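Quick notes on the structure that follows.
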Amino acid sequence: MKKLVIANWKMNGQPAMAEALTRATAAQAAGFTQAGVVICPPAPLLMQVGQWLAGTPVKLGGQDCHTRGEGAYTGDISAELLKNVGCDYVIVGHSERRAAYSESDVLVQAKASRAILSGLTPVICIGETIKEREAGRTQTVVGQQVRDSIPDNAMTTGGQPANFVLAYEPVWAIGSGKTPTVDDIRQMHQYIVSVASERTGHAPEAIMVLYGGSVKAANARAIMATPAVSGVLVGGASLKAEEFCGIIAAV
Ligand code: PGA
């Protein structure tokens, strides 16, 4: 399966910087077939970034969506609208949202379900905190997140490709410069694939699990070459054209 490299700009990127970054990413990805590249800019920039990406292989994604299609939800964004302004993906359940807005697995599952209904591929984020890791609870916590965050409409009766992507992002690795060892990453990804396969009925080979947390050009090659790693979700390093292009090149 083609690997996936996703840029999560988070709440960063003023228009001038966004244009430079988008154009640099598109130039790096031009003619590139080894991996899919996706940019998830802040919502007000989606249409503009989509225009800059027109005619390039780079896809567009949102950073979050609501569980409903429309309605009186001030400040929220529907998956339908994301789809209609050109998105193919949406990140749901990022640890920053789970922590800052108390997003539960139940809510994340509802968001992912809505994303699928709207024709988007949800990128469902999971990962343990440092406290959970130090208590030896990593697999228990992450396994539970996987089972409870994947929606029923991600299940299969056989054959079709998976309509969701998982992203394993240890909370302590995000923005910290720290990463698990590649052996740790391999073990966790294999575990996540087995739990997700059991939950959805998809064959293990059909399930994509991205790694996220302090990915940069210097470590991308080793991480991407790790068994059961289907790509990367990149925060900080996706804001620097040279770094992000280096990550794409590492595929
Ligand atoms: P980071 O963030 O690459 O800055 O660690 C990753 C993420 O939060 O998705």
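Per-structure values
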{"quantity": "Identity of the residue in the range 194-239, on the phi > 0 side of the Ramachandran plot and of a type outside the set (S, T, N, Q), that ends up nearest to the chain's Cα centre (by Cα)", "calculated": "Gly231"}
{"quantity": "Hits in the range 173-185 - residues which are surrounded by 18 or more Cβ atoms within 10 Å (Cβ to Cβ), β-branched (Val, Ile, Thr) and assigned to a helix (DSSP H, G or I)", "calculated": "Ile185"}
{"quantity": "Selection within the range 96-115 - open to solvent by less than 50 Å² (accessible area, probe 1.4 Å) and closer than 16 Å to Glu169 by Cα", "calculated": "Arg98, Glu103, Asp105, Val108"}
{"quantity": "Among residues of the range 1-23, those that are more than 16 Å from the ligand (Cβ to nearest atom), among the β-branched types (Val, Ile, Thr) and touching a Leu at 6+ places or on another chain (Cβ under 6 Å), counted", "calculated": "0"}
{"quantity": "Lone qualifier among Asp76, Asp64 - being farther than 17 Å from Phe244 by Cβ, of a type in the set (D, E, K, R), modelled with pLDDT of 95 or more and open to solvent by less than 40 Å² (accessible area, probe 1.4 Å)", "calculated": "Asp64"}
{"quantity": "Subset tally (residues that are within 16 Å of the ligand (Cβ to nearest atom) and open to solvent by 10 Å² or more (accessible area, probe 1.4 Å)) for the range 186-214", "calculated": "3"}
{"quantity": "Residue tally, condition among the β-branched types (Val, Ile, Thr) and either more than 10 Å from the ligand (Cβ to nearest atom) or in a loop (DSSP other than H, G, I, E, B) (or both), over the range 215-246", "calculated": "4"}
{"quantity": "Number of positions in the range 1-26 that are without any contact (Cβ under 8 Å) to a residue 60 or more places away in the chain, loosely packed, with under 15 Cβ neighbours inside 10 Å and small (Gly, Ala, Ser)", "calculated": "1"}
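The values are calculated or read from the model by the stated rules, or taken from the named source; none is laboratory data. Owing to the predicted nature of the structure, the values given are computational and were not obtained by experimental measurement. Glycine gets a Cβ as well: all are built from the backbone with ideal geometry, and neighbour counts include every protein chain shown. All accessible areas refer to the heavy atoms of the entire protein, side chains included, with ligands and DNA or RNA removed. Shrake-Rupley method; radii C 1.70, N 1.55, O 1.52, S 1.80 Å.
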